[in-house]
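Undergrad: Here's a structure for you.
The values are calculated or read from the model by the stated rules, or taken from the named source; none is laboratory data. Because the structure is a prediction, the values reported are computed rather than measured. Neighbour counts run over all protein chains shown; Cβ positions are idealised from the backbone, glycine included.
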Amino acid sequence: MKVYDTPSIRNVALVGHGGCGKTSLVSAMLFDMGAVNRLGRVDDGTTATDFDPDEIERRISLQAALAWGEWRKMKLNLLDAPGYAAFFAEAQASLRVADAALLVVDSVAGVEVQSERAWRYAGEQGIPRLIVVNRMDRERASFLRTLDSLQSAFGRGVIPLAIPLGEEKGFVGVADLLTEKADVYSDDQSGKFQAVDLPAEVREAANTWREKLVEMVAESNEDLMEEFFDKGTLPHDDLVRGLRQAVLAGRIFPVLAASSGRNVAVQPILDAIVDLLPSPVDRGEAIGMDPMKKEPTSRPPSATAPLSGFVFKTLADPHAGRISLFRVYSGILKSDGTVHNANRDVAERVGALFLLQGKNQTPVPEIQAGDLGAVAKLKETQTNDTLCDKAHPIVYPPIAFTEPATTFAIEPKTRGDEDKISQALHRIMEEDPVLRLSRDAQTHEMLLSGTGQLHIEVAVGKLRKRFKVEVNLKKPKIPYRETIKAAAEGHGRHKKQTGGHGQFGDCKIRMRPLARGEDFKFVDDIFGGSIPKNFIPAVEKGIQEARLKGFVAGFPMVDFQVELFDGQYHDVDSSEMSFKIAGSLAFKDAVARCRPTLLEPIMRVEIAVPEEHAGSVMGDLSSRRGRPQGMEPRGGLQVIKAEVPLSEMLSYDAELTSMTGGRGSYHMEMSRYEEVPGHLQEKIVTASRAERGEQVAEA
Ligand SMILES: Nc1nc2c(ncn2[C@@H]2O[C@H](COP(=O)(O)OP(=O)(O)OP(=O)(O)O)[C@@H](O)[C@H]2O)c(=O)[nH]1
Ligand SMILES: [Mg+2]
């Protein structure tokens, strides 16, 4: 097996909106490179990078997959990321270890929500971008309309490198603006093509676009600018060199046209990757932290530097065990050795190393700086960990994965399966770092959070298929809270005379509201020893326990202060228990006069929708008691910001999808607690009492 050195590597992440043809494009690229001997198809479940049974069944990518091939002596590592919003974390992981992004957009739909999101993320990572207008053979395909949408979303740096020959059924190839030649592809999907002179019908358009390209390149470089002014054009070699520099600098984003399904004009993409995108060497040093000295440090992209690598993805195969996908940033990772996990400060035995073609593994003796590979059965290492030479420790920053937006309560279909479920979910979470499993301390429900309903359903599908446990998904209970709106005093006296030893505790408290978020404060205001010091913690404990049980509807009471200012004790009968009970009685006495009320969680919501849906989404938000906080255009979308009570957002995922035809995405995070409007309180109180088996009549 050939080992590729650092300058001969290209790491490219394919990103874009769901269904734009990324997996099919990887498939065609692998076929054209001769890495596979059959053109795999998503619809037949035969692609290299959609190998999971769930992916094959649903015909969408659910996780990032790695494949590679050789093109003009370069090793092209292709990361095929899913396009659906629910799996954006996989695109984040892919973009993190890629040196460039290949944004795929559909030639009918143009720029869509997730194209814009992936673009923005790639920009934040500072990586160059190439664009493919794909599925050019579809009905209503339009290169110019798509280019328009790209330019209005991403600016005038977006410029064609080739223009299509024909569209829709008539799409047969492309005119290359650099070589001024056209490639006409055979219609048997073999990828074979004939190079011809520019056909008359595209000549004028090709000239116009070429001029724009030359101008753009000249603009980005002073030397070339002079040459351009002198000669009115640029020689081919200077043009390519200048273009490459501008692409690496993120000034120009070249656009190509292709049909991945028909394997038409895929090879120019491979050429552009080799000619215009950076090698790991071009990306320069990788920056991390020295975990000992706690200061920034870096590694050059060189095989002779000390080893450092980063695990960007983990597969939890119930049979093969854990498989870790990594990028080597510096040095050489060798099989059958030991490396240092700098995040966990432990040694890891490294067994066999391999390259991945989707799920297929090719063993290799070593992997050099800049390359991507995989290793099985690491014991301690998780996604986001850095592996390195122990003598030269470094920790690379973790991928900041998206936060979960949707939460479901899960309960086992079979009683007593809780432990099995939580163990299996922990395995699944190893490969899916966005999933969160928690138990709500307040509602006691087992909660599974993810980016959306589809994400949770896929996780539940893994539970069933891989781990043979079944669960029901339910809307989670809302963790309401209680608070008070007025100050009042209260008195609690616990006195019992039973035979010999009695019980006696007496306390007086003052309760007053605190600001939202301040939780609970206890102030000891006893002067003169009316309650001995050693009993005061017992009073506090009694109040603590009582406030957690709530007063209005059984939810914990927060954001108030209790001042203990007086009391009585008895030399013989007083005990901690007596004062604890007295504390809880004083709380109940006071709270009734403090205008207790209910609080609900308010979420900060950000919704990105195409302009035409903004009005209806805003209208819908107001029916959810949402308060708009502004709207701003971002990459051809309207981003609506609002604050909405959590109770109104429980099935928002599905509703937003139906309102926007799947083109909307949203994200929410907890903002704060706020009082529940009076007219809604009664329903919550009634429901809570019914659930706790209390009599509703007493309300
Ligand atoms: N007409 C046409 N259809 C295509 C082309 N490429 C892919 N398709 C079809 O488009 C659908 C989606 O293709 P995929 O390759 O799975 O798209 P994707 O971008 O990987 O999708 P996700 O990973 O789920 O985001 C499949 O039904 C493909 O057969 C193309 O060039 N032309
Ligand atoms: Mg895909």
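Undergrad: For the range 307-372, which fully contained strands (runs of 3 or more DSSP E) count at least 2 residues that are within 19 Å of Ala93 (Cβ to Cβ)?
TA: On the way: elements: 308-317, 321-330, 332-334, 337-341, 346-350, 353-357, 360-364, 366-368.
Ranges flagged: 308-317, 321-330, 353-357.
Undergrad: Anything in the range 101-112 that is surrounded by fewer than 24 Cβ atoms within 10 Å (Cβ to Cβ) and either over 20 Å from Met136 (Cα atoms) or away from ligand 2 (no atom under 16 Å from the Cβ) (or both)? List them, or say none.
TA: Selection gives Val108, Gly110.
Undergrad: Hey, can you tell me all the residues within the range 102-128 that are more than 12 Å from ligand 1 (Cβ to nearest atom) and part of a loop (DSSP other than H, G, I, E, B)?
TA: Result: Val111, Gln125, Gly126, Ile127, Pro128.
Undergrad: Which residue pairs have Cβ atoms closer than 6 Å, lie 6 or more positions apart in sequence or on different chains, and pair a first residue in the range 65-92 that is under 18 Å from Lys359 (Cα atoms) and assigned to a loop (DSSP other than H, G, I, E, B) with a second residue that is within 15 Å of ligand 1 (Cβ to nearest atom) and among the charged types (D, E, K, R)?
TA: Ala81/Glu90; Pro82/Glu90
Undergrad: Okay, moving on. Which members of the range 215-273 meet the condition of being farther than 20 Å from Asp176 by Cα and crowded, with 20+ Cβ neighbours inside 10 Å?
TA: Asn221, Leu224, Phe228, Gly261
Undergrad: Let me ask something additional. Of all residues being surrounded by fewer than 15 Cβ atoms within 10 Å (Cβ to Cβ) and in a strand (DSSP E or B) in the range 278-296, which is farthest from ligand 2 (Cβ to nearest atom)? Just the residue, please.
TA: Residue satisfying both the conditions and the ranking: Glu295.
Undergrad: Something else: Out of all the residues in the range 459-506, which are part of a helix (DSSP H, G or I) and more than 30 Å from Glu600 (Cβ to Cβ)? Steps first, please.
TA: As a first pass, look at the range 459-506 and keep what is part of a helix (DSSP H, G or I): 459-467.
Correct list: Gly461, Lys462, Leu463, Arg464, Lys465, Arg466, Phe467.
Undergrad: Within the range 1-18, does at least one residue satisfy the condition of being in contact (Cβ under 8 Å) with a residue 24 or more places away in the chain, farther than 21 Å from Glu431 by Cα, within 13 Å of ligand 1 (Cβ to nearest atom) and not charged (D, E, K, R)?
TA: Within the range 1-18, one or more residues are in contact (Cβ under 8 Å) with a residue 24 or more places away in the chain, farther than 21 Å from Glu431 by Cα, within 13 Å of ligand 1 (Cβ to nearest atom) and not charged (D, E, K, R).
Undergrad: Scanning for something β-branched (Val, Ile, Thr), in contact with an Asp or Glu (Cβ under 9 Å, 6 or more places away or on another chain), modelled with pLDDT of 95 or more and not in a loop (DSSP other than H, G, I, E, B), does the range 612-625 turn up at least one residue? Steps first, answer last, please.
TA: So in the range 612-625, the residues β-branched (Val, Ile, Thr) come out as 617.
After this cut, where a residue has to be in contact with an Asp or Glu (Cβ under 9 Å, 6 or more places away or on another chain) as well, the list is none.
No, the conditions are met nowhere in the range 612-625.
Undergrad: Let me ask something additional. Take Asp99 and tell me if it is of a type outside the set (Phe, Trp, Tyr), more than 11 Å from ligand 1 (Cβ to nearest atom), at pLDDT 95 or above and in contact with a helix residue (DSSP H, G or I) (Cβ under 6 Å, 6 or more places away or on another chain).
TA: On the way: of a type outside the set (Phe, Trp, Tyr): yes; more than 11 Å from ligand 1 (Cβ to nearest atom): yes; at pLDDT 95 or above: yes; in contact with a helix residue (DSSP H, G or I) (Cβ under 6 Å, 6 or more places away or on another chain): yes.
When the stated conditions are applied, Asp99 passes them.
Undergrad: Only one of these is in contact with a Pro (Cβ under 8 Å, 6 or more places away or on another chain), in contact (Cβ under 8 Å) with a residue 40 or more places away in the chain and more than 16 Å from ligand 2 (Cβ to nearest atom): Val240, Val274, Val247. Name it.
TA: On the way: Val240 fails: in contact with a Pro (Cβ under 8 Å, 6 or more places away or on another chain); Val274 fails: in contact with a Pro (Cβ under 8 Å, 6 or more places away or on another chain).
Within the list Val240, Val274, Val247, the selection yields Val247.
Undergrad: Looking at (1) within 11 Å of ligand 2 (Cβ to nearest atom); (2) free of Cβ contacts under 8 Å to residues at least 40 places away in the same chain; (3) of a type in the set (A, V, I, L, M), find the lone condition where Leu62 falls short.
TA: Unmet for Leu62, out of (1) within 11 Å of ligand 2 (Cβ to nearest atom); (2) free of Cβ contacts under 8 Å to residues at least 40 places away in the same chain; (3) of a type in the set (A, V, I, L, M): (2).
Undergrad: Assess whether Val42 counts as being more than 8 Å from ligand 1 (Cβ to nearest atom) and not acidic (Asp, Glu).
TA: Values: more than 8 Å from ligand 1 (Cβ to nearest atom): no; not acidic (Asp, Glu): yes.
Criteria not met by Val42.
Undergrad: For the range 595-605, does any single residue satisfy the condition of being surrounded by 16 or more Cβ atoms within 10 Å (Cβ to Cβ), part of a strand (DSSP E or B) and under 21 Å from the mean Cα position of the chain (by Cα)?
TA: The answer is yes, given that some residue of the range 595-605 is surrounded by 16 or more Cβ atoms within 10 Å (Cβ to Cβ), part of a strand (DSSP E or B) and under 21 Å from the mean Cα position of the chain (by Cα).
Undergrad: Considering (1) closer than 29 Å to Lys192 by Cβ; (2) part of a loop (DSSP other than H, G, I, E, B); (3) modelled with pLDDT under 95, say which one Ile60 fails and leave the rest.
TA: (1)
Undergrad: Then there is this: Which members of the range 5-35 meet the condition of being more than 16 Å from ligand 2 (Cβ to nearest atom) and in a loop (DSSP other than H, G, I, E, B)?
TA: Across the range 5-35, the qualifying residues are Asp5, Met33, Gly34, Ala35.
Undergrad: Another question, if that's okay. Need the failing condition index for Ala303 against (1) outside any loop (DSSP other than H, G, I, E, B); (2) among the hydrophobic types (A, V, I, L, M, F, W, C); (3) not assigned by TED's automatic domain parsing to the domain that holds Ala35, just the number.
TA: Failing condition for Ala303: (1).
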